[in-house]
Amino acid sequence: MNTISAKEISMNLSDVEFLSHLNIRLTSNHNYHNNIEEALGLVGKKFGYDRIHIIKIYPDRTFNILHEWCDCHVPTIKKQVKKIPCFFDPLLEQQLNEKAYILINNPEQLHNPELKQFYCKYSTINVLFLPLLLRNFFAFLSLSMCRHEKNWSEKEIHFMSLIASVIAANIEKNLLIAHLSHRLKN
């Protein structure tokens, strides 16, 4: 017989409440940029991340940081990273294909020297990349630790994937509204 403990039920209710609150934060007003950055802050503060990004990958294999939230003890990097070439590491690509996320636990062990240098430059100890499933472009939600190492559990990675899905749905909705609004004006 499969029984669920009261602690598991309360954690599940807490998770549902958090996802509901996140969705409300993302849709609460018409200023999409403020909403997304407030939502990233909500995630960062709740789970203790140091830096969160939404990273857009372009067809020419470059990337840019669309949105950023940083803990007050960690410097911003969004203004320093402007459409730079993507880093390629076959082991990370394999991890993405097999697990549907990329987890870098120790940048020093990366095979790509440019990627290793990038994370050292921005004091990143470990980072989790979750794909944002969008029709109009390819993007990732990036959750970074800069002050201390974090061991992500499969349960936390799964929950962060749910958060990434909520964020992706709201980005998609806002892109659709912007596109329709633009068409109506012309």
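Observations on the structure shown:
- Members of segment 48-70 that are crowded, with 16+ Cβ neighbours inside 10 Å and not in a strand (DSSP E or B): Y49, D50
- Qualifying position, being within 26 Å of A169 (Cβ to Cβ) and either more than 15 Å from the chain's Cα centre (by Cα) or modelled with pLDDT under 95 (or both), among L134, L141: L134
- Residue in segment 36-48 that is aromatic (F, W, Y) and at pLDDT 90 or above present: yes
- Test: residue in segment 86-100 that is out of contact with any Cys (no Cβ under 9 Å at 6 or more places or on another chain) and touching a residue at least 40 places away in the same chain (Cβ under 8 Å): yes
- Condition met for K78 (over 24 Å from E154 (Cβ atoms), surrounded by fewer than 17 Cβ atoms within 10 Å (Cβ to Cβ) and of a type in the set (D, E, K, R)): yes
- If only residues of segment 148-186 that are more than 23 Å from V16 (Cα to Cα) and small (G, A, S) are counted, the one that is nearest to the chain's Cα centre (by Cα) is A178.
- Among the residues examined, E172 does not qualify as open to solvent by 20 Å² or more (accessible area, probe 1.4 Å), acidic (D, E) and under 19 Å from R51 (Cα atoms).
- Lone qualifier among S161, S181, S123, S144 - being assigned to a loop (DSSP other than H, G, I, E, B) and hydroxyl-bearing (S, T, Y): S123
- Selection status of S153, open to solvent by less than 70 Å² (accessible area, probe 1.4 Å), among the small types (G, A, S) and touching an Asp or Glu at 6+ places or on another chain (Cβ under 7 Å): no
- Evaluating P113 against the criteria (1) within 22 Å of A164 (Cα to Cα); (2) free of Cβ contacts under 8 Å to residues at least 24 places away in the same chain; (3) not polar (S, T, N, Q) leaves one unmet condition, (1).
- Any hit, segment 109-127, residues being closer than 30 Å to K173 by Cβ and surrounded by 13 or more Cβ atoms within 10 Å (Cβ to Cβ): yes
The values are calculated or read from the model by the stated rules, or taken from the named source; none is laboratory data. Just so you know, these numbers come straight off a predicted model, no measurement behind them. Cβ: placed from backbone, ideal geometry, glycine included. Neighbour counts: every protein chain shown. For the accessible areas, the whole protein counts, side chains as well, though only heavy atoms, and no ligand, DNA or RNA atoms are used. Shrake-Rupley method; radii C 1.70, N 1.55, O 1.52, S 1.80 Å.
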